[in-house]
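Colleague: Mind looking over this structure? Questions follow.
The values are calculated or read from the model by the stated rules, or taken from the named source; none is laboratory data. Note that this is a predicted model, so its numbers are computed, not measured. Neighbour counts run over all protein chains shown; Cβ positions are idealised from the backbone, glycine included. Only protein heavy atoms, including side chains, enter the accessible area calculation; ligands, DNA and RNA are left aside. Shrake-Rupley method; radii C 1.70, N 1.55, O 1.52, S 1.80 Å.
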Amino acid sequence: MAWQGLIEEYKEFLPVTENTPKLTLNEGNTPLLKLVNLSKELNIELYGKVEGANPTGSFKDRGMVFAVAKAIEDGSKCVICASTGNTSAAAAAYAARAGIQSIVVIPKGKVALGKLAQATMYGAKIIEIDGNFDDALQIVRNISEVSPVALVNSVNPYRLEGQKTAAFEIVDALGTSPDYLCIPVGNAGNISAYWKGFKEYNEAKKSGLPKMFGFEAEGAAAIVQGAPIANPETVATAIRIGNPASWSLAEAARDESGGIIDSVTDEEILYAYQLIASREGVFVEPGSAASLAGVLKSVKSGKIPAGSKVVTVFTGNGLKDPDTAMDVSTVDLVSLKNDEKEILKYIEGIL
Ligand code: F0G
């Protein structure tokens, strides 16, 4: 049977009722790819959960399909969110599919081009502010309390319900829980959702539990530093967040699982960003590369021992942020004449 999307496939694990719309863009069922080259190099068994293969190119589709379906079930005609880009793309897509309006509030100049293009094409009302994600989230939280718009940020519990399904898929693909689950941390919803998913599946199927390893960008590492950051900065704009909404849930995931929340520098993020594309053929966005940067750091420090089974979550597709790719690229385009002989000469020179 063809894949039917998350609400249908996982309804026994989700608070679905007979009134929940059967909304889907066929999200979920993303590849768990063995990273064969890096596994060998790092002496671990490393897999990437390729969430960029979702319909709007990020893991946000898992939570958004359910949040929008539930908003409609509750009678909403409009959804609103703050976003560093991916949430807005997913909210706008599912609202379009469901025939309702979406409004997104974003930090001006800090959203990757592809994500902005998506929200535009899907028909969102886009409001940019001279402020960061944390400011935008506070504004939409307040507005959703006084106005008939449904808030679909991850403080909406249906978001985490939908996102926990990625943990189910990992366990189903491996036949068991991994030893370590490495994941970028921004607003801290996804690490909380994965942990919920692993725990629920373990209760149902005795599949075991991973240690949860979350990674913030160093310039936005509020949880690591133990205090909110007023002006977070990082090249990984997706996780440029100074006051994560699911802070305490993320700490619970860390502590209950015996894991860590650590930070990685922009330099480490960009190194991992280039490594995963050039070594494994997987193009992820910089925010997603924070998880691989964390794997590299943790293997080096011995926190992840040799032989471990490790899943690193690639949360978003690299095509969303072409500007960063071209900025870090060291490959020069070779401009030649429209002439076969000249091109052949060039090729012979590099073989
Ligand atoms: N990776 C990507 C690509 C993201 O877009 C985000 C969050 C994260 C990781 C972090 O996940 O917030 O659950 O800890 N993006 C949000 C957005 C904030 O607005 O798109 P988190």
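Colleague: Cβ-Cβ under 7 Å, sequence separation 6+ or interchain: first residue in segment 113-133 and more than 22 Å from residue 285 (Cα to Cα), partner in a loop (DSSP other than H, G, I, E, B) and open to solvent by 40 Å² or more (accessible area, probe 1.4 Å). Which pairs?
Modeller: 129/108; 130/108
Colleague: Among what's in segment 82-102 and is within 14 Å of the ligand (Cβ to nearest atom) and either farther than 17 Å from residue 27 by Cβ or modelled with pLDDT under 95 (or both), pick the residue that is surrounded by the fewest Cβ atoms within 10 Å (Cβ to Cβ).
Modeller: Kept after step one, since they are within 14 Å of the ligand (Cβ to nearest atom), are these residues of segment 82-102: 82-94, 102.
Narrowing the set further to residues that are either farther than 17 Å from residue 27 by Cβ or modelled with pLDDT under 95 (or both) leaves 82-85.
Values: 82: 30, 83: 29, 84: 24, 85: 30.
The qualifying residue surrounded by the fewest Cβ atoms within 10 Å (Cβ to Cβ) is 84.
Colleague: Can you find a residue in segment 179-186 that is at pLDDT 95 or above, outside the structural domain of residue 89 (by the TED database) and open to solvent by 30 Å² or more (accessible area, probe 1.4 Å)?
Modeller: Let us first name the residues in segment 179-186 that are at pLDDT 95 or above, namely 179-186.
This time we only want the ones that are outside the structural domain of residue 89 (by the TED database), so: 179-186.
Keeping just the survivors that are open to solvent by 30 Å² or more (accessible area, probe 1.4 Å) gives 179.
Within segment 179-186 (the criterion being at pLDDT 95 or above, outside the structural domain of residue 89 (by the TED database) and open to solvent by 30 Å² or more (accessible area, probe 1.4 Å)), the answer is yes, since at least one residue qualifies.
Colleague: Residues of segment 154-205 being free of Cβ contacts under 8 Å to residues at least 12 places away in the same chain and within 22 Å of residue 144 (Cα to Cα), which ones?
Modeller: Of everything in segment 154-205, just one residue is free of Cβ contacts under 8 Å to residues at least 12 places away in the same chain and within 22 Å of residue 144 (Cα to Cα), namely 157.
Colleague: Any idea which residue in segment 171-211 is farthest from the chain's Cα centre (by Cα), counting only those that are of a type in the set (A, V, I, L, M) and away from the ligand (no atom under 16 Å from the Cβ)?
Modeller: So in segment 171-211, the residues of a type in the set (A, V, I, L, M) come out as 171, 173-174, 181, 183, 185, 188, 191, 193, 204, 209.
Within this subset, residues satisfying the condition of being away from the ligand (no atom under 16 Å from the Cβ) are 171, 173-174, 204, 209.
Details: 171: 18, 173: 19, 174: 21, 204: 26, 209: 21 Å.
The extreme case among them is 204.
Colleague: Does residue 42 count as among the hydrophobic types (A, V, I, L, M, F, W, C) and open to solvent by 20 Å² or more (accessible area, probe 1.4 Å)? Steps first, please.
Modeller: Numbers: among the hydrophobic types (A, V, I, L, M, F, W, C): yes; open to solvent by 20 Å² or more (accessible area, probe 1.4 Å): yes.
It is true that residue 42 is among the hydrophobic types (A, V, I, L, M, F, W, C) and open to solvent by 20 Å² or more (accessible area, probe 1.4 Å).
Colleague: Something else now. So, residue 55, is that one of a type outside the set (Val, Ile, Thr), under 22 Å from residue 285 (Cβ atoms) and without any contact (Cβ under 8 Å) to a residue 24 or more places away in the chain or not? Give the derivation first.
Modeller: Working: of a type outside the set (Val, Ile, Thr): yes; under 22 Å from residue 285 (Cβ atoms): yes; without any contact (Cβ under 8 Å) to a residue 24 or more places away in the chain: no.
For residue 55, the condition - of a type outside the set (Val, Ile, Thr), under 22 Å from residue 285 (Cβ atoms) and without any contact (Cβ under 8 Å) to a residue 24 or more places away in the chain - is not met.
Colleague: While we're here: Is it the case that some residue within segment 309-323 is touching a residue at least 24 places away in the same chain (Cβ under 8 Å), in the same structural domain as residue 175 (by the TED database) and assigned to a loop (DSSP other than H, G, I, E, B)? Full working, then the answer.
Modeller: At the first step, the residues of segment 309-323 found to be touching a residue at least 24 places away in the same chain (Cβ under 8 Å) are 309-323.
Filter once more, keeping what is in the same structural domain as residue 175 (by the TED database): 309-323.
Restricting the remaining residues to those that are assigned to a loop (DSSP other than H, G, I, E, B) gives 315, 321.
Scanning segment 309-323, I find at least one residue that is touching a residue at least 24 places away in the same chain (Cβ under 8 Å), in the same structural domain as residue 175 (by the TED database) and assigned to a loop (DSSP other than H, G, I, E, B), so the answer is yes.
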